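In what follows, a single structure is set out as structure tokens and then discussed.
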Amino acid sequence: MGTENEYAHLFNIQKEYFHSVLKKERIFARKERLIKIKKWVKKNQHEIQAALYNDFQKSPEEVLISEIKPVIGEISQALKHIRSWNKEKKVSTPISLLGTKAKIVKEAKGVCLVIAPWNFPFMLAIGPVISAIAAGNTVVLKPSEMTPHTEKLINRLIKELFLEANIAVVTGGVKETQELLALPWNHIFFTGSPQVGKIVMEKASKHLTSVTLELGGRNPVIITKNTNLRSTAKKLIWGKFFNNGQSCVSPNYLLVDEQVKKHLIEELKFEFVTAYGNYPEEIKKNKSLARVVNNHHFKRVNQLLQKSINDGAKVVFGNNTDNETNYISPTLLDEVTIENSIFTEEIFGPILPIISYKQIDEAIEIINKVEPALALYIFSTSNKVQNYIIQNTSAGTTVINDTTIQFAHPNLPFGGVGLSGMGKAHGYYGFLEFTNQRSVLKQRNRFTTSKLIYPKYNALKKMIIKLITWNDI
Ligand code: NAD
């Protein structure tokens, strides 16, 4: 927390540091910063796990898989490629610019703001900071206020390792974030909801600041009749209930071929019991299940669930709730229609609705009714069907025969399209978001071919211009 003036001061000292230190230093210094974070994360692994457990009972195993490993992976990837990512790239010369030389120089954007959400509060805060460091920027990081233990730990990490002029943390909520957003950043990297994404973009437009918006989405899963239902069910139970369904790439609803729906439901029940237990008390005590992050979100998800049941959805399993501990048991809903309120929102909680379809075009029509999702999942053994679905839909990312794992691929750009976001994260693509690809063209000093087309347009010049343009017109 701080005042508007303190934020403006922080911005100014970072600007000064960027120009006087970062602009002049070598790639090695960026590597050193990344190595420092890597060492800190390894050393403080148990503290990170404890913070996440205290925030929403996230299991230590899930913290390792989805908070610690991706951060270490992102650093290792950057360390391995930082020199080639930052390398100048020579480009070929067209005949019309004969005699010139051209290249693309990778230049840091400058003073950057990173705003993080609560659902993977460590990884989604530190991940973009790694990209920003690899590109040579200063960073002000605003972690989520919804996960206070992790927020505190992130603050400690940054304070222990970096000068405030280089990388700083600002804690707080809406008020603090809006004050930060009033400053003329060189780039803003925001991860969160589409509603707040719009606010970020509006504020950024005041200074024409570039933005990366990693937003949410209602991710559909198509399950065709040509798939191994046991294996599909296992993957779906994991993908949906990981982080208690509070993941931007979590399946939002299933579109299932009606011929296999009954069988799939049996398999989902079996796989759920295998992973989480049979009886309500047993499931509630299962240490692998995180809680809904806070009571505000508990109420939101529970209201959505109860309204959906009132709208006609049938509970296959789940619907056990506890307001005191923000607990909603993983719930499978059958007989959901597109009129049901649960279809119209990003659930962001442990509820999985099933909608059935007769023809694949019906499923495609349902998907295309709304803005493109962050992720679209296809379960089918047929290449023809997979390609047909991809060709007739749009999504930020797509996985065939699995869910969620695209996030872990270091060489794939991660991000949305339309309402699910703009710009990309991870590896080289994350680095590019924080980089200005500056084009540098070098002309010769005296005679240049370009001079042949300068006025005055006498007969000779007219002929030359005709000759130059003749192929194009
Ligand atoms: P959120 O948009 O409510 O909050 C994100 C950040 O914005 C927080 O730091 C918060 O302090 C700040 N904020 C909240 N309201 C604000 C306002 N009115 N003005 C300015 N700043 C404000 O999102 P959340 O609830 O933390 O996270 C859940 C959302 O994030 C979901 O929609 C989810 O799909 C999305 N998400 C997307 C990705 C991705 O990579 N695409 C990853 C994780 C989460």
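Every number in this text was worked out from the coordinates using simple rules, so none of it is lab data. All values derive from a computational prediction rather than experimental measurement. Glycine also receives a Cβ, built like all others from the backbone with ideal geometry; neighbour counts cover every protein chain displayed.
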Ranked output for segments 314-326, 182-194 by mean other Cβ atoms within 10 Å, highest leading, reads 182-194, 314-326
Mean separation of Cα contacts under 8 Å (at least 6 apart) over the residue count of region 89-136, i.e. the relative contact order in percent, is 30 percent
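Multiplying the sequence separation of residue 390 and residue 275 by 0.36 nm and subtracting their Cα-Cα distance, what value in nm do you get?
38.3 nm
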Taking Lys and Arg as +1 and Asp and Glu as -1, residues besides residue 312 with C-beta under 14 Å from its C-beta add up to -2
Distance in Å, no decimals, from the C-alpha centre of region 308-352 to the one of region 405-429 is 28 Å
Proxy exposure order for 56, 447, 434 (fewest C-beta within 10 Å first) is 447, 56, 434
For residue 152, counting only lysines whose alpha-carbon sits under 19 Å away and dropping same-chain residues fewer than eight positions off, the answer is 36, 38, 39, 42, 43, 58, 142, 175
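Counting other Cβ atoms within 10 Å, which GluC sites (Glu not before Pro) in region 229-291 have at most 14 and lie in a DSSP loop?
The qualifying sites are 258.
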Straight-line reach check, residue 198, cutoff 20 Å on alpha carbons, 8 or more apart in-chain or any other chain, hits among aspartates and glutamates -> 145, 176, 179, 214, 345, 346, 371, 433
Nearest 10, in degrees from 0 to 90: the angle of helix 27-43 to the longest Cα principal axis of the chain is 20 degrees
Taking placed amide H atoms and a strict 5 Å upper bound, the residues 5 or more places from residue 327 or on another chain that come that close are 322
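If you wrap a convex hull around the alpha carbons of the chain, what volume per residue comes out, as a whole number of Å³?
180 Å³
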Expected sort for 255, 161 with the fewest Cβ neighbours (10 Å cutoff) up front is 161, 255
Computed over the Cα atoms of region 1-63, the Rg and Dmax in Å are 17.4, 44
Rounded to the nearest 500, the 222 nm mean residue ellipticity computed for the chain from DSSP H runs (n ≥ 4, each -39500 (n - 2.57)) alone is -13500 deg cm²/dmol
Scoring the chain by relative contact order with C-alpha pairs under 8 Å, at least six apart, yields a percentage of 18 percent
Computed over the chain: longest principal axis from alpha-carbon atoms vs helix 383-392 long axis, angle to nearest 10 degrees, is 70 degrees
Counting only backbone N atoms under 18 Å from a point 7 Å out along Cα-to-Cβ of residue 83, the residues of region 424-440 in range are 428
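Restricting to DSSP loop positions (anything but H, G, I, E, B) with no more than 15 other Cβ atoms inside 10 Å of their own Cβ, which GluC sites (Glu not before Pro) remain in region 1-66? Let's see the in-between values first.
Working: sites: 4, 6, 16, 25, 32, 47, 61, 62; in loops: 25.
Taking region 1-66 and a limit of 15 other Cβ atoms within 10 Å, the loop GluC sites (Glu not before Pro) found are 25.
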So for R0 = 30 Å, FRET eff. of residue 201-residue 337 from the Cβ-Cβ r, to 0.05, ends up at 0.35
Nearest 10, in degrees from 0 to 90: the angle of helix 229-241 to the longest Cα principal axis of the chain is 70 degrees
